[in-house]
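Laboratory data are not the source of any read-out in this text; all were calculated from the coordinates shown. Predicted, not measured: the structure shown is a model, and the values here were computed from it. Because the Cβ atoms are built from the backbone with ideal geometry, glycine has one as well, and the counts that use them run over all protein chains shown.
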Amino acid sequence: MMQPDMFACARSEVGLGPGAVLLGGFALDEAEALLAEIAPLAAISPFRHMTTRSGGRLAVAMFNCGETGWISDGRGYRYQSTDPQTGDRWPALPPRFLDLAARAAAAARYPGFVPDACLVNRYDAQTRLSLHQDMDERDHDAPIVSVSLGLSAAFLWGGLTRSDRPRRHPVHHGDVVVWGGPSRMIFHGVDSVEKGTHPATGPWRYNLTFRKAR
Ligand code: MD6
Ligand code: FE
């Protein structure tokens, strides 16, 4: 049977390194529908600024959906199946999220990607995310799929050591970055979210980061 989704494509593809690609505009057609999922999820598990082991506060506001979710608190970083703020399970991953993540991963040559966690991040123009590796997941064979919505930002793409000087790649509404394989542990971050107002999100940049965590 012909499936319209089979024709989902990136309007531009930029290779970031082995096993890593920026799929420009991949989620553009469905960006508004993805955004419409966020408010009902946030009504269950609200956006919050998590604390860090050292007593700091994460600048990015976050919550999770999926069977498990990434958290930070005075004990450090980890995944857990319940929201520490509500005591309940994280809201379920919407089918539309799962479908997009799988299609983007397949387009980046990672077929069969079934994430169990989606971290929903919210940035304003003052928010930066310093260079880091995503390393709290048990499964490092699966890729990371990262969807940008709303205000544009500079995505920092470094190397396998913290001291590698990062490149800056603009990421816009509807862009998807997928990294895995030899690039799974690349240092990455977010610099300089654009100031202003986006027609779909107002003052915010949202990012959906899909992982297979366990
Ligand atoms: C981005 N975000 O917002 C990429 N990683 O484009 C991340 O790499 C990220 O937002 C770990 C925890 C939160 C994040
Ligand atoms: Fe990350």
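For every residue, the table says whether it meets (1) touching a strand residue (DSSP E or B) at 6+ places or on another chain (Cβ under 6 Å); (2) away from ligand 1 (no atom under 11 Å from the Cβ).
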{"position": "TRP157", "(1), (2)": "yes, no"}
{"position": "LEU160", "(1), (2)": "no, yes"}
{"position": "ARG167", "(1), (2)": "yes, yes"}
{"position": "VAL177", "(1), (2)": "yes, no"}
{"position": "GLY180", "(1), (2)": "no, yes"}
{"position": "MET185", "(1), (2)": "no, yes"}
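Filtering segment 121-132 to residues that are farther than 16 Å from ALA20 by Cβ and within 9 Å of ligand 1 (Cβ to nearest atom) leaves ASN121, TYR123, LEU129.
Selection within segment 133-148: residues that are part of a strand (DSSP E or B) and within 10 Å of ligand 1 (Cβ to nearest atom). The member of this set that is nearest to the chain's Cα centre (by Cα) is SER146.
Filtered by the rule that a residue be within 16 Å of ligand 2 (Cβ to nearest atom) and farther than 29 Å from ASP29 by Cα, segment 77-109 gives TYR77, ARG78, TYR79. When we screen TYR79, TYR123 for residues that are touching a residue at least 40 places away in the same chain (Cβ under 8 Å), closer than 23 Å to ARG167 by Cα and surrounded by 13 or more Cβ atoms within 10 Å (Cβ to Cβ), the only hit is TYR123.
Within segment 126-139, if we keep just the residues that are more than 12 Å from ligand 2 (Cβ to nearest atom) and surrounded by 15 or more Cβ atoms within 10 Å (Cβ to Cβ), the residue that is nearest to LEU156 (Cα to Cα) turns out to be ARG128.
Any idea how many residues of segment 43-73 are of a type in the set (A, V, I, L, M, F, W, C) and part of a strand (DSSP E or B)?
Residues meeting the conditions: 6.
From LEU208, LEU156, LEU160, grab the single residue that is touching a residue at least 12 places away in the same chain (Cβ under 8 Å), in contact with a Pro (Cβ under 7 Å, 6 or more places away or on another chain) and either in a loop (DSSP other than H, G, I, E, B) or within 20 Å of ALA59 (Cβ to Cβ) (or both).
Values: LEU208 fails: in contact with a Pro (Cβ under 7 Å, 6 or more places away or on another chain); LEU160 fails: in contact with a Pro (Cβ under 7 Å, 6 or more places away or on another chain).
The conditions single out LEU156.
Name the residues in segment 163-172 that are part of a loop (DSSP other than H, G, I, E, B) and either within 14 Å of ligand 2 (Cβ to nearest atom) or closer than 12 Å to VAL193 by Cβ (or both), would you? Matches in segment 163-172: PRO166, HIS172.
Scanning segment 52-67 for residues that are of a type in the set (S, T, N, Q) and within 14 Å of ligand 1 (Cβ to nearest atom) returns THR52, ASN64.
State the number of residues belonging to segment 41-68 that are within 18 Å of the chain's Cα centre (by Cα) and either more than 25 Å from GLY202 (Cβ to Cβ) or exposed (fewer than 12 other Cβ atoms within 10 Å of the Cβ) (or both).
Of all residues in segment 41-68, those within 18 Å of the chain's Cα centre (by Cα) come to 41-42, 45-50, 58-68.
Those still in the list that are either more than 25 Å from GLY202 (Cβ to Cβ) or exposed (fewer than 12 other Cβ atoms within 10 Å of the Cβ) (or both) too: 66-68.
Residues flagged as within 18 Å of the chain's Cα centre (by Cα) and either more than 25 Å from GLY202 (Cβ to Cβ) or exposed (fewer than 12 other Cβ atoms within 10 Å of the Cβ) (or both) within segment 41-68 amount to 3.
Taken as a whole, segment 163-180 holds no residue that is among the polar types (S, T, N, Q) and at positive phi. Looking at the structure I just gave you, is SER183 of a type in the set (Ser, Thr, Tyr) and either farther than 23 Å from TYR77 by Cβ or surrounded by fewer than 20 Cβ atoms within 10 Å (Cβ to Cβ) (or both)? So SER183 fails the test.
Checking each residue in segment 74-123 for being of a type in the set (Lys, Arg), farther than 18 Å from HIS140 by Cβ and part of a loop (DSSP other than H, G, I, E, B) picks out only ARG75.
The condition of being within 14 Å of the chain's Cα centre (by Cα), among the β-branched types (Val, Ile, Thr), within 27 Å of GLU32 (Cβ to Cβ) and within 16 Å of ligand 2 (Cβ to nearest atom) holds for only one of VAL178, VAL193, that being VAL178.
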